[in-house]
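Okay, structure first, notes after.
The numbers here are math on the coordinates, done by the rules we state, and not lab data. The structure presented is a predicted model; accordingly, all values stated were derived computationally and were not measured.
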Amino acid sequence: MDLLLPQLFAGLSLGSVLLLAALGLALTFGQMGVINMAHGEFMMAGAYTAFVTQALVGSADVSLLVALPVGFLVGGVLGLILEATLIRRMYHRPLDTLLVTWGVALLLQQVARDVFGAPNVDVSIPTWLTGAVSIGGLALPKTRLFILAVAIVSVLALAVVLRSTSLGRRIRAVVQNRDLAEASGISSRATDRTTFFIGSGLAGIAGVAVTLLGSTGPNLGMSYIVDAFLVVVVGGIGHIKGTVIAAAALGLMQAFFEFSTTASIAKVLVFVVIIAFLQVRPQGLLVTRTRSLA
Amino acid sequence: MIRILTTGRTAPLVLLAFAAILLFAVAPIALSPFRLSLLARFLCVAMVAVGIGLAWGRGGLLTLGQGLYFGLGAYVMAMHLKLADAGPAGVPDFMTLYGTGQVPWWWEPMRSPVMTLVLIVLVPATLAAALGWAIFTRRVRGAYFAILSQALAAAFAILLIGQQQTTGGTNGLNGFRAFFGYDLTDPVNQRMLFIIAAGVLLVMVVIARQLMVSRFGELLVAVRDAEDRVRFLGYDPAAVKTVVYILAAVMAAVGGALLVPIVGIISPTDVGVVPSIGFLIGVAIGGRATLLGPVLGSIAVSWAETSVAEQFPSAWTYFQGALFLGVIAFLPDGLASIVRRRRAAASSGDDGAPAPATEPEPDARPEGRTS
């Protein structure tokens, strides 16, 4: 039991980071079938937003709280620009959007390198997040608990928006059947734009959150994007619940494998499990029933 | 000759013969040893491109993880070169440096040159067969397949970095002295390597061409365009996809294996996510669904990268990003589509201004001139 609990917490903490990175991705992927490879770079933009905010505000205690909404806006606006300029034009070529957004990702990385320099920068942790909370002899770092809280709040907020607002109903309608939604008078264009704004904004929040865990550099997005995509694949398209479960499962798996082997072997093992899992459920955990084949 | 970038039936052979003369007779004489080995390196990357052209352009399988197979081939070759340098029953230098000082069991087969050559093909083929079958029979496709193949390359790079005692870690494997008994520092042997690379690439292109004009090639395109109909007709799309995936994997592996003696180093940075996607850009620019487009495109991009990145490393990244963006968004069939469009306009003549019958040949392969 003494060995199990720290692993459990490490897994949940990792899962919350994965969830933050994957949540917006799951939304845009589910909505438009578009694979946004620049999602990681939107996270990076969020992380640099935290850095800039701290420099402007001065006080580390306040800047984090300012950075979260600002990061959401920065990510969201980047997403809006991307949607309006490129993705909208290539709607029926989802695989090509993947490569185009990869090009965007490269550009954004280089912009970050030129503006902020290639070396990593650090965001200092507010005093109210230093140290750890001790529960039953187990020291839980406050930063990790905070990220867990941010992830939970993000999921709940998104769930409320999707379930109880007219915007959410429109989004769900477009996800389930774009043509029928259009025929019912829903502007799928406007819905796409809003969804992309929210999804990319969530990436910005994720970026602000991960500055608490380590330093920020131009390659920050690259290190999250593959894992985030795996979460979406395992979770199933268009399901927030599936994404949450998948993120927690992958985080826990990674932590437990890491405990018994090494970090690199654990990564490979997780991947093997995912392939095996897709043998059972090729469409992920939760499936939106449609009448299309396969 | 205008058809060279499309899939005409005889013209490619004429052009291939021309390319062969250029590669085997002209290049070794005209280029300095440094330029020649540079070109040899580009040819290895072009081998990966041929496979991607088949899998992605023809089969619609967007594989973002060819770095994995490229790396497998390269590491098998590099392990052999390391063991050969160490002598019979010897231990490669880095192993004594990092720890154990023992050669792990899975290195042992690479002591034999013949076994090495077999494994360069067999290891990636087996892995691609197992994965392809597992993925395609469950009808995982499109974006899901792309993401999985990418994750695979990422996992492989992480594994290589993590196992420093047996793989050299981030440094990779380097410092080879000989290639199957031939001194690698000798320019004569470097030229031999170039000839081998050129020959292998040409063989691959011929194989790709034969495949494209065969029944299998048509089935492949059919699977790309209407997989369900192919299934209803009684074929197994999963088998078709698996075969082409294996083929692409083997081509990438051979390219990687040949790159190792030419460049003299292989490290995890050459096999991760970034180079894996990088392989795609040349294919996209040249024309993914054509025979020679991927080859010419990838040679052109490699050449542009070396010449631009040397002086302005940051400009190259902008350039690469813009290329991805521009070509995929606005010219999805690559430069080859321009050639085809011009030919179509010339032959139909309904554009109001019929092209002269003997229109000067469009410069179909400006990017092929790497020398």
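Computed values, structure above
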read-out	value
20 °C / 1.002 mPa s Stokes-Einstein diffusion coefficient of the range A:187-260, Kirkwood radius on C-alpha pairs, µm²/s	151 µm²/s
Debye equation applied to the C-alpha atoms of chain A, log10 I(q)/I(0) at 0.14, 0.15 Å⁻¹	-1.05, -1.20
Relative contact order of the range A:91-217, pairs being alpha-carbon contacts under 8 Å that are 6 or more residues apart, as %	30 percent
Kirkwood-based shape ratio for the protein assembly as shown, expressed as Rg/Rh from alpha carbons	0.98
From the C-alpha gyration tensor of the range A:1-47, square roots of 5λ in Å	29, 13, 6
Chain B, Rg to Rh (Cα coordinates; Rh as Kirkwood inverse mean 1/r)	0.99
For the range B:40-60 and the range A:7-46, distance of Cα centres in Å	31 Å
In order through the range B:101-108: 3J(HN,Hα) via Karplus (6.51 cos²θ - 1.76 cosθ + 1.60), integer Hz, x for Gly, Pro	x, 10, 7, x, 4, 7, 7, 4
